Amino acid sequence: MKLKLFISALLFSFFSNANNLVITNVSYNSASSEITFDISWDNSWKTSTGFNDAVWLFIKGKTSSDVWIHTTIANVSSTINSTVSFDNLGAYIERSTDGTGSVSGTITYTILNVADLGLAPDFKVFGIEMVKINQGSFYVGDGASTNRFHKGTDNTAPFQVTTSAEITVSNSSTTDLFTTASDSSIQLSTNIPAQFPTGFDEFYCMKYEITQEQYIEFLNTLSRIQQQTRTESDVSGTTITNRYVMSNTQTASDRNGIVTDVNVGTGFLTFYSDLDNTNAENSINDGHTIAANYLSNNDVIAYLDWAAMRPMTEIEYEKVCRGPDLPVANESAWGTVEFNDAGVITNSGAPNESTANTSILPALYKSTPLRVGCYATATSTRVQSGAGYFGNMDLSDYVHENGLIAVNDFNVLNFSYDFGDGALDENGDATNWTTLFKNFRGSSTSSPLGISVRYISSVSSNVRDARSGGRGCR
């Protein structure tokens, strides 16, 4: 039996610094079907007012036929707060007591579907940093943004979501929800049923956009056919011309450093980070924690299906950014309209990558993606770190939030709280959400666009763009 693990070294902040999520010492007891490992991260936080970060943890097992499958688990013991999800596809790891700082523990789970793995399984343990989005009322629309939501007959008034029950939609009442959108793809005339995720109920949202390291780990568990689908380069042959597989280029484009080997066989490919293309792959300055760009809508939802998560709705996006606060016209995720040009990149590709103008935050680097959470420091405020209300990062940065479920007539009737099952189809596509209309929020090459701007997506769900990334929720 071989054991592998996914070590995430991302930046965290409830406006603080790096949290160094690490999973180590993975061992498997075949007699009891139990897997044990240590987990730790720095700058964890939990407040008496109900705010906290978390880790969504899940495990993949490799079968005797070299196929990675999602495991189902049950809790055995833990020295840290671990709650297995209702569907047994993963667990939420959280701080046990109020406070901030490092947290660590040892966890043992039973692998419930071990019979599907064969006699000598290989395991990978994955952790994705999350933020709890508390239950409660919030506003959508800011009275100014293009295609915004608003309150009934008054298109200058934001609408307050105050319930998880059905939301009435019309432009004939001062109390109903409506939108200024003229395009039918994001227009809304159907009442929003209770099963549609409006954001009122508690949920967990990824703290950061999907990073290049996370997307690499995803690719490295797929079949060759699936890998072909989830990359832009032609990786089907024994020689790969454009080894920077997301941009389909021979050198890094727009700071996407995801590569594979040039001369390969016919089996599974292995992907790496190689941003600078001057030293060994997976070197410390190869951009592991830069936000993954060149992700199509279908790439994002495939990743979320694989991770047993789900896409976020565009109405949830506004709550993650704004929280319960009253809207500010044209505001960014940090609650104001102010921003500054970030200047040149410093320590390119490294874990401490930043930009030159860190003294005049909030900042926006307008040309390419950066390391996730790069403006958070030990003393930074929400505005200085560019964080949303609950502590999620990079919601108004260069890489937009792709794969959001649009709030339109078709989607509100056909999307619910269902999560991914951890499995893709044989071609590498999600088995959920593929027929739904997706849109995107939150990026610009000149200035942050307001969080209430609703984009009209006119491109295919398979189109990859230098500015397209994403995140999900659970």
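The values are calculated or read from the model by the stated rules, or taken from the named source; none is laboratory data. Predicted model, so just to flag it, every value in this text is computed and none were measured. Positions of Cβ are backbone-derived with ideal geometry, glycine not excepted, and every protein chain shown enters the neighbour counts. Ligands, DNA and RNA are excluded from the accessible area calculation, which covers all protein heavy atoms including side chains. Shrake-Rupley method; radii C 1.70, N 1.55, O 1.52, S 1.80 Å.
List, please: which pairs have Cβ atoms under 7 Å, are six or more places apart or on different chains, and start with a residue in the range 151-180 that is closer than 20 Å to Q135 by Cα and small (G, A, S) and end with one that is assigned to a loop (DSSP other than H, G, I, E, B) and open to solvent by 20 Å² or more (accessible area, probe 1.4 Å)?
Filtered contacts from the range 151-180: S164/A194; S164/F200; S164/D201; A165/A194.
Is the range 53-60 home to any residue that is of a type in the set (K, R) and farther than 30 Å from V453 by Cβ? If you could, list the steps in order and put the result at the bottom.
Residues of the range 53-60 that are of a type in the set (K, R), as a first pass: 60.
When the remaining residues are screened for being farther than 30 Å from V453 by Cβ, the result is 60.
Yes - at least one qualifying residue is present in the range 53-60.
So that you can scan it fast, the table gives a plain yes or no per residue for (1) within 17 Å of S137 (Cα to Cα); (2) assigned to a strand (DSSP E or B):
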{"site": "T174", "(1), (2)": "no, no"}
{"site": "S184", "(1), (2)": "no, no"}
{"site": "T198", "(1), (2)": "yes, no"}
{"site": "D201", "(1), (2)": "yes, no"}
{"site": "Y204", "(1), (2)": "yes, yes"}
{"site": "E209", "(1), (2)": "no, no"}
{"site": "F218", "(1), (2)": "no, no"}
{"site": "D234", "(1), (2)": "no, no"}
{"site": "M246", "(1), (2)": "no, no"}
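Please determine whether any residue of the range 26-33 is modelled with pLDDT under 95 and within 20 Å of the chain's Cα centre (by Cα).
no
Can you tell me which residue in the range 344-360 is surrounded by the fewest Cβ atoms within 10 Å (Cβ to Cβ), limited to those that are at pLDDT below 85 and under 25 Å from E213 (Cβ atoms)?
Going through the qualifying residues, I end up with A356.
Output the number of the condition that K151 fails; it satisfies all remaining conditions of (1) closer than 26 Å to L326 by Cβ; (2) touching a Pro at 6+ places or on another chain (Cβ under 9 Å); (3) open to solvent by less than 20 Å² (accessible area, probe 1.4 Å).
(3)
Restricted to the range 94-126, and to residues that are in a strand (DSSP E or B), under 30 Å from S48 (Cα atoms) and among the polar types (S, T, N, Q), which residue is least open to solvent (accessible area, probe 1.4 Å)?
Among residues in the range 94-126 that are in a strand (DSSP E or B), under 30 Å from S48 (Cα atoms) and among the polar types (S, T, N, Q), the one least open to solvent (accessible area, probe 1.4 Å) is T108.
Output yes when any residue across the range 47-54 is within 29 Å of I225 (Cα to Cα) and open to solvent by less than 40 Å² (accessible area, probe 1.4 Å), and no when none is.
There is no residue in the range 47-54 that is within 29 Å of I225 (Cα to Cα) and open to solvent by less than 40 Å² (accessible area, probe 1.4 Å).
Taking the conditions exactly as written (closer than 30 Å to L119 by Cβ, touching a strand residue (DSSP E or B) at 6+ places or on another chain (Cβ under 7 Å) and open to solvent by 40 Å² or more (accessible area, probe 1.4 Å)), does S78 satisfy them or not?
Details: closer than 30 Å to L119 by Cβ: yes; touching a strand residue (DSSP E or B) at 6+ places or on another chain (Cβ under 7 Å): yes; open to solvent by 40 Å² or more (accessible area, probe 1.4 Å): yes.
Judged against the criteria, S78 is a match.
Provide a single number: the residues in the range 263-290 that are in a strand (DSSP E or B) and within 22 Å of the chain's Cα centre (by Cα).
4
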